[in-house]
Amino acid sequence: MGRSRAPAWAPRKMKFAALSMRTPGMGKRMKSNHCQTPSLHWVRESSAQAARRTRDGFTLVELLVVIAIIGVMVGLLLPAVQAAREAARRMACGNNIKQIGLGLHNYHAAYKKLPQYQGGSGGFPIASSFDPIVGVNANSLSIFVGTLPFIEQQALWEQISSPLVDPITSAPFPPMGPTPYKRLISHLATRYQPWLTEIGTLRCPSDPGSGLPAHARNNYAACLGDSAMVNHAPLLPDFGPWQEDSIAASAARVNCRGTFAARQFLSFSDIRDGLANTIMVGEINTDFGDDDITTQLSVVNLVDVASNPRYCYDQGYRNPKRPRFWGPNSTSVEIDYRRGHAWALGLHLCTAFNTILPPNEGMCGSIGSVISPMMGGVVPPSSRHQGGAHILMADGAVRFVTDSIEAGNSSSSTVFFDMNADGNPADSSPAPYQVGSKSPFGLWGAMGTRASSEVIQDN
């Protein structure tokens, strides 16, 4: 007969015995503390329970708790992620306007003056001015056209400043191109591609607008001061170079109070209030076609809005259920010339603003011919950022101006003199202002004027 097999725990018992033999004093203690050997049935049962435990998964309750915790964490983190993304877009937007400021300073260093708002090569804006060969730009260019070489757009500038062949008719456009008033439908017959080319430096990443029906969108605009008379100029149109008119020049001296003025070359020496106290460029939204009050002009007579900047509000033109949008009784502008739709066009709707109402208020005014002194209105800056908009001071500093900036009496008559530029200031201005009159629109208005002797505190 073979020797019976020792149970699995036998070596452990022999080990304890050997230890007690080597350490007599310790053996008794170990012997007294030695627990009884577990039975084979208990070992098998424990192994079965362990196997069952390893096969167990999550219960439905546990799974639902985990899903709920994940959902709460996503809910808490998502706004933070969105806020971080908007902060990055806002920073990029500020960097773009800073680049524009550097470009304007480099332009001034080269030419000892700032680029002209509503500048160009002259010519009378008739229907044929849209076409090649006879095309003229009718002094309707924005400040950004001349700034192109200084914001790393030399290639685009060379296309504009040289004769450019129309890709449809093969006829050449003259240097400086046709007027940017050229409508989209006109580009189907004869296309001037530079006016349809979007420039990244002129776009703010926070503005999602893109493509048609815009020509080429932009999110920055020139500051024209605190007057609604944004189209007054000392030059009158002609078929060749425009001629200076003394009556128009007298009205323009009073009405054109910003860093830029229509069809005038200004320089930093004209900004007597100080470069650090005067706005040069600001941010604007681009129009989506949704009647937003910051991108769609509610069309009224210039006399009405010049006498009361809140005229469109007081007349109930806003949608009562959606006060950030114009209502059905408001008259809108044709789609080619809406806010931020054409970076090359020197028009108050597209590439300019004034400091009458605070940022993100409604646009209210008149529209007409590029040569009409009766075209103007209230066109504040705006942005897709929360609570305000970026502005660029004339010294190159970028600031974020809130919607709640002190802006005086928003129902006060704007600064204007001889509204229709006919030499008789009494026929259109109930309270004529004089050259250098202080702005009635508080701190905001004072920041928009270049030489009105207002004192602006550091904060």
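All of the numbers you see were taken from the coordinates with simple rules; none came from a lab. Model, not experiment: these values are computed from the prediction. Virtual Cβ from ideal backbone geometry, glycine too; neighbours counted across all protein chains shown.
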The stretch 160-183 to the stretch 204-234: how many Å between their Cα centroids? 22 Å
Whole angstrom only: what separates the Cα centroid of the stretch 60-103 from the Cα centroid of the stretch 248-287? 38 Å
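What does the charge dipole of the stretch 281-377 about its Cα centre add up to, to the nearest 20 debye, if the Cβ of each Lys and Arg holds +1 and the Cβ of each Asp and Glu holds -1? Don't skip to the end; give the middle numbers.
Values: 7 positive and 10 negative charges, 42 e Å.
Once rounded to the nearest 20, the dipole reads 200 debye.
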Starting from the 7 Å offset along Cα-to-Cβ, what nm value, one decimal, do you get for the label separation of Lys438 and Asn301? 3.2 nm
For the Asn409, Leu188 Cβ pair and Förster radius 56 Å, calculated FRET efficiency rounded to 0.05 is 0.75
Extension gain, Gln154 back to Arg322 (0.36 nm per residue minus Cα-Cα distance, nm): 56.1 nm
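Hey, got the dipole for the stretch 217-364? About the Cα centre, +1 on K and R Cβ, -1 on D and E Cβ, debye to the nearest 20?
On the way: 12 positive and 16 negative charges, 65 e Å.
The dipole magnitude comes to about 320 debye.
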